[in-house]
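What follows is one structure encoded as structure tokens, with my remarks underneath.
The values are calculated or read from the model by the stated rules, or taken from the named source; none is laboratory data. Quantities reported herein were computed from a predicted structural model and do not represent experimental measurements. Every residue, glycine as well, gets a Cβ built from its backbone with ideal geometry; the counts of neighbours run over all protein chains shown. Side chains are part of the model used for accessible areas, which takes the heavy atoms of the whole protein and leaves out ligands, DNA and RNA. Shrake-Rupley method; radii C 1.70, N 1.55, O 1.52, S 1.80 Å.
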Amino acid sequence: FDVVLVDSRWGRRTSGLSSTRYSGNAALKQLIADGVRPTAVIVALGTNDVAIFTKRREYVTLIQDLMTTIGNVPVAWVNVHRIDSASTIRGSKRFNAALGQVLANYPLANVFDWAEVAKNNPKVIDPDKIHLTPLGHEVRTKVYLELATTLAQRASDMTTTTTSTVPPATTTVAP
């Protein structure tokens, strides 16, 4: 990529079902209105949504709304790992299931399993069981760099055309 834009905000949610003040979808729509044309997108949203919403259909709506805004470009969505209460543990599982379900309909999108990374390395999660430790920020940054590299290749593959020359067929006619 020639340009990488990071748009991050503390407390951001995926979409504006409850409020647009911290909506990632509203932020992306504003960037697009300002002329930004993403060729690939990394999404790390949902952690705050699982504290507000509880129903899988709500998560599906949030995810679909953002995917509609993103459009037909490669997407890597980092799933949710929130373990600060029984309800957010359930919400994380529901959100991640909804994420897998929705992204299965988008051939250019995939889920990065942050929940598995955090489960296998608890030292990346702060004692509040929501936020990252300094080690967690380091690990997550490396994940973003790997995802950006993969997405850059996928975006490049989408714009590369291949031409080939097929030799003319030879026809033999019997005498």
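Each Lys or Arg adds one and each Asp or Glu subtracts one; over the other residues with Cβ under 11 Å from the Cβ of residue 112, this totals -2. What angle, in degrees between 0 and 90 and rounded to the nearest 10, separates the Cα long axis of helix 134-159 from the longest principal axis of the Cα atoms of the chain? Roughly 20 degrees, rounded to the nearest 10. Listed by chain and number, the lysines placed with their C-alpha closer than 28 angstrom to that of residue 123 are 93, 142; residues fewer than eight positions away on the same chain are left out. For the stretch 2-104, a crude dipole built from +1 on the beta carbon of Lys and Arg and -1 on the beta carbon of Asp and Glu, taken about the Cα centre, is about 420 debye to the nearest 20. Where only DSSP H runs of four or more residues are counted, the chain gives -14500 deg cm²/dmol as its mean residue ellipticity at 222 nm, each run worth -39500 (n - 2.57). Each peptide in 54-64, 71-81 was scored by the mean count of other Cβ atoms within 10 Å over its residues; highest first, the order is 71-81, 54-64. Placing pseudo-labels 7 Å out from each Cα toward the beta carbon at residue 52 and residue 85 gives an inter-label distance of 1.5 nm.
Summing charges over all other residues whose Cβ lies under 12 Å from the Cβ of residue 13, with Lys and Arg as +1 and Asp and Glu as -1, gives 0.
Taking 0.36 nm per residue of sequence separation and removing the Cα-Cα distance, the residue 152/residue 6 pair yields an extension gain of 51.1 nm.
Computed from the C-alpha gyration tensor, the three semi-axes of the ellipsoid equivalent to the chain are 38, 19, 17 Å, from longest to shortest.
Among 27, 6, 143, which residue has its Cα positioned farthest towards the positive end of the charge dipole of the chain, with +1 placed on the Cβ of Lys and Arg, -1 on the Cβ of Asp and Glu, and the dipole taken about the Cα centre? Result: 27, furthest along the dipole toward the positive end. Counted residue by residue at 0.36 nm each, then reduced by the alpha carbon distance between them, the extension gain from residue 121 to residue 137 reaches 4.5 nm. Note on the chain: with charges restricted to the Cβ of Lys and Arg (+1) and Asp and Glu (-1), its dipole about the Cα centre is near 600 debye.
When each of the peptides 2-9, 43-50, 141-148, 25-32 is scored by how many other beta carbons lie within 10 Å of its residues on average, the order from highest to lowest is 43-50, 25-32, 141-148, 2-9. The portion of the accessible surface of the chain made up by carbon and sulfur, rounded to a whole percent, is 55 (1.4 Å probe; DNA, RNA and ligands excluded).
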